[in-house]
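No value in this document is a laboratory result; all are computed from the given coordinates. Not measured: the values here are computed from a predicted model. Cβ atoms come from the backbone with ideal geometry, glycine included; neighbour counts cover every protein chain shown.
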């Protein structure tokens, strides 16, 4: 239970970042991005209303890039405070899929923290934890398509 609460807090922090925090004159410009798309499936079926987050690792410049899956499980990334896509580099990938008590998905759009909606994470921590996710991606200078079939 504590792990789920920690996860919800981490995602809430990410969603607050999505909503923006008023820019200042001191804010550094974000790096240029390249197109990044893909699809998320669970056991071969589209995962609808999932949040896909690419978290920069190592020398990769920029901020988290986020996309939301549609009815076909497809997503397109956008920097939290920037352009479409993601800067080239190495990323840890975190996929969250919040559901209601009855198992139906909750669409997360950044307007409301998942915990306020009664959301529960449906994916195991090896996909959904910002600390423990085993998913990675290497975005080239041309961008790319990154598909994830979760088990």
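A Förster distance of 25 Å, applied to the separation of the beta-carbon atoms of residue 131 and residue 90, puts the FRET efficiency at 0.90. Placing R0 at 30 angstrom, the Cβ-Cβ distance between residue 102 and residue 32 gives a FRET efficiency of 0.10 after rounding to 0.05. Note on residue 151/residue 116: beta-carbon distance plugged into 1/(1 + (r/R0)^6) with R0 of 22 Å gives a FRET efficiency of 0.15.
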